[in-house]
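The next block holds one structure in the form of structure tokens; read it before the comments.
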Amino acid sequence: MTAILLDDADHHAFLADDARRSLDLFDASPRAAGGFHGLGVSGRPLPGGLQELHSTTRLVHSYALAQLAGRPDRAGIIDQGMEFLWNGHRDRDHGGYLWSVDGKGAVDGTKLAYGHVFVLLAASSAKMVGHPDADRLLSDITKVLDRHFWDADAGLFRDEFTRDWQVFSTYRGMNANMHGVEALLAAHEATGEAEFLSRAGGILRFFIGGQAAGNGWRIPEHYDADWRPDHGYSGNPMFRPAGTTPGHSFEMARLLLQWWDLAGRPEGDSVAQASALVRTGLADAWNDDLGGLAYTLGRDGRVDNPARYWWPVTEAIGALAALLKLDPRHEFDHWYRRLWQFAAAHMVDAHHGGWHHEVGPDNLPLMTQFQGKPDIYHALQADLLPLARGLSRQGDDLARLRPLAD
């Protein structure tokens with residue numbers, strides 16, 4: 001049998017090189033006055049001083065992963081990000097963390113679960129690399145999440161409040177809960193606290209064992225206050241699009257396998273469920289003519305928004321890498337190779353580093369929703385997670401293997 005790509009030494013070298021070039025590009029992120037620049041295609045700072053919470057937190061998390069993998073944080077991004085989370089995003093008047101700020105203060109003070117769970121992820125990753133401010137941030141964000149966002153009866157995260165914690169919406173969403181699982185698993189790995197793992201498992205059971213299993217292995221994105229799917233919801237077409245989002249199915253499949261591994265691989269359907277999510281997402285969303293993955297689907301699995309962004313490709317890569325570690329079958333290897341062939345040809349920027357965030361009908365870079373290269377998080381994980389040998393405790397694996405060390 002032909003060796004799988006995941007075990008190939010040349011592929012490992014490619015992944016490590018792509019990660020290093022992305023990190024070299026994003027080393028230009030820090031602002032002298034605090035916070036981070038958005039970056040253009042070549043890595044030059046874009047104009048404007050707006051700093052969004054998910055950008056700050058993802059940089060901290062990404063550079064912590066890289067440090068574990070043997071690449072020093074030469075730009076001081078972890079230090080600067082941790083300082084800016086505490087003194088820039090943290091709301092000293094009302095508690096919690098502001099969605100966006102500039103040099104003068106709050107721009108959008110909305111309190112979003114999506115942003116707050118990324119604070120938990122950043123704090124947990126910073127703790128894994130021994131940052132001195134990690135425990136302070138971890139303690140604060142855990143209290144905020146418990147006090148305001150955690151719906152104990154449902155075992156899920158509520159989505160949004162005003163700056164002073166007034167309820168202004170009954171919207172509930174899968175996306176914030178999915179990233180909540182990611183953060184809870186990281187917090188469990190960083191602290192050993194069982195409650196983080198238990199909450200992650202409950203969220204996964206609701207959205208995968210419940211919702212996905214009852215909807216053809218496609219996960220409804222939007223819910224009402226009673227956690228019933230709101231199939232007619234159509235919010236922001238980029239960040240709360242109608243229908244289902246196959247990229248999230250891949251992400252949830254990987255997180256399910258990570259939880260299953262951390263929980264001691266209990267008896268049940270976790271591996272079969274993860275496989276079903278991945279197979280359905282690929283069958284629904286893969287563009288047979290051009291490659292890449294459609295952004296959104298209708299309830300019947302037909303393509304709704306055919307735009308092809310980088311992050312669904314990275315998440316499919318991560319899910320397939322996880323499945324290959326468990327079951328190195330030809331089917332998974334075929335798709336893993338296919339996705340990397342597409343990414344290497346059309347999305348990886350071999351000249352400047354980083355990934356292009358969208359490609360058009362000619363498979364050339366396109367900028368309709370995103371300017372420049374605002375995000376390292378998805379692409380870096382597509383490089384690093386396959387290099388870790390396990391399904392969980394990837395930080396431990398990366399620290400032991402040090403694939404980015406010079």
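So here's what we get for this one:
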read-out: Mean separation of Cα contacts under 8 Å (6+ apart) over length of the range 209-263, as relative contact order %; value: 25 percent
read-out: Residue-count net charge about L290 - beta-carbon cut-off 13 Å; Lys, Arg +1, Asp, Glu -1; value: -2
read-out: The chain: relative contact order in percent, alpha carbon pairs under 8 Å with at least 6 residues between; value: 19 percent
read-out: Residue-count net charge about H346 - beta-carbon cut-off 11 Å; Lys, Arg +1, Asp, Glu -1; value: -2
read-out: Over the range 254-358, relative contact order from alpha-carbon pairs under 8 Å, at least 6 apart, %; value: 20 percent
read-out: Ellipticity estimate at 222 nm from DSSP helix runs (n ≥ 4, -39,500 (n - 2.57)) divided over the chain, nearest 500; value: -14500 deg cm²/dmol
read-out: Listed residues S234, S29, S198, most fluctuating in the chain (Gaussian network, C-alpha, under 10 Å); value: S234
read-out: Gaussian network model of the chain, springs between alpha carbon atoms under 10 Å - residue of A186, A379, A28 with greatest fluctuation; value: A28
read-out: Spin-label model distance (nm) - A213 vs H351, 7 Å beyond Cα toward Cβ; value: 5.0 nm
read-out: Net charge contributed by nearby residues that have their C-beta within less than 9 Å of L121 (K/R +1, D/E -1); value: 0
read-out: Interchain or long-range residues, amide H under 5 Å from V359's placed H; value: R308, L366
read-out: Charge dipole (the chain, unit charges on Cβ, about Cα centre) - positive-most of G209, M347, V278; value: M347
read-out: Leading residue at positive end of dipole, the chain (Cβ point charges), from Q80, G247, Q258; value: Q80
read-out: Net length gained if the chain between W165 and D135 were fully extended (0.36 nm per residue, minus Cα distance); value: 8.4 nm
read-out: In sequence order, calculated HN-Hα J values of the range 96-110 (Karplus, 6.51, -1.76, 1.60; Hz; x Gly/Pro); value: x, 10, 6, 5, 9, 9, 9, x, 9, x, 5, 9, 10, x, 3
read-out: Electrostatic dipole magnitude of the range 39-120 [Cβ: Lys, Arg +1; Asp, Glu -1; Cα centre; debye, to 20]; value: 180 debye
read-out: Length released on extending from D7 to N363, taking residue separation times 0.36 nm less the Cα-Cα span; value: 125.3 nm
read-out: Net dipole in debye of the range 112-218 [+1 Lys, Arg Cβ; -1 Asp, Glu Cβ; about Cα centre; nearest 20]; value: 240 debye
read-out: Taking S22, S249 and counting other C-beta atoms within 10 Å, the order from fewest to most; value: S22, S249
read-out: GNM top mover of L320, L290, L391 - the chain, alpha-carbon springs below 10 Å; value: L290
read-out: Cα-centred dipole magnitude for the chain, charges only on beta-carbon of K, R (+1) and D, E (-1), debye, nearest 20; value: 240 debye
read-out: Total lysine pairs whose alpha carbons fall under 30 Å of each other in the chain (8 or more apart, or interchain); value: 9
read-out: Sequence of F239, F332, F250, F14 once ranked by neighbouring C-beta atoms within 10 Å, starting from the fewest; value: F239, F14, F332, F250
read-out: For the range 150-163, 3J(HN,Hα) per residue [Karplus equation, 6.51 cos²θ - 1.76 cosθ + 1.60, θ = phi - 60°, Hz, x = Gly/Pro]; value: 6, 8, 5, 5, 8, x, 9, 8, 5, 9, 8, 9, 6, 4
read-out: Centroid-to-centroid separation of the range 248-262 and the range 76-155 [C-alpha atoms, Å]; value: 24 Å
read-out: Two-site FRET efficiency, Q341 against E193, from Cβ-Cβ distance with R₀ of 60 Å, rounded to 0.05; value: 0.90
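Read-outs throughout are calculated quantities, based only on the coordinates presented, and are distinct from any laboratory measurement. Bear in mind the structure is a predicted one, so any value in this text is a computation, not a measurement. Reconstructed Cβ throughout: ideal geometry from the backbone, glycine too, with neighbour counts over all protein chains shown.
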